[in-house]
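Visitor: Pasting a structure here, questions to come.
The values are calculated or read from the model by the stated rules, or taken from the named source; none is laboratory data. None of the values given here were measured: they were computed from a predicted structure. Glycine also receives a Cβ, built like all others from the backbone with ideal geometry; neighbour counts cover every protein chain displayed. In case anyone asks, the SASA skips ligands and DNA or RNA and just uses the protein heavy atoms, side chains included. Shrake-Rupley method; radii C 1.70, N 1.55, O 1.52, S 1.80 Å.
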Amino acid sequence: MEYRMVNPATGGTEDISCTVADMEVLKLEGWVMVFTPNPNSIIAGRDHSGNAGGHAADEGWKDTLRRIRDNNPGSTIDV
């Protein structure tokens, strides 16, 4: 398996091929693993969430934001 890790001596990142056991030893020595998502994963490149990926907030959420705004004078919430 390949892991991207931060070298504690240099502060730079390195791609290291090793076993999980070897990676755990490196972590004990001060190396830090960096999460790099797979570019082919389902979540890659998403700029929104929700049912079918819609961009709009539902009315229930907008009502909640309006209540927060109305109960907090000087609020800058724009609904």
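Visitor: Which ones in the range 14-30 are of a type in the set (Gly, Ala, Ser) and either in contact with a His (Cβ under 9 Å, 6 or more places away or on another chain) or open to solvent by 70 Å² or more (accessible area, probe 1.4 Å) (or both)?
Guide: Hit for the range 14-30 is SER17, nothing else.
Visitor: Picking from GLY11, GLY54, which residue would you name as being at pLDDT 85 or above and open to solvent by less than 100 Å² (accessible area, probe 1.4 Å)?
Guide: GLY11
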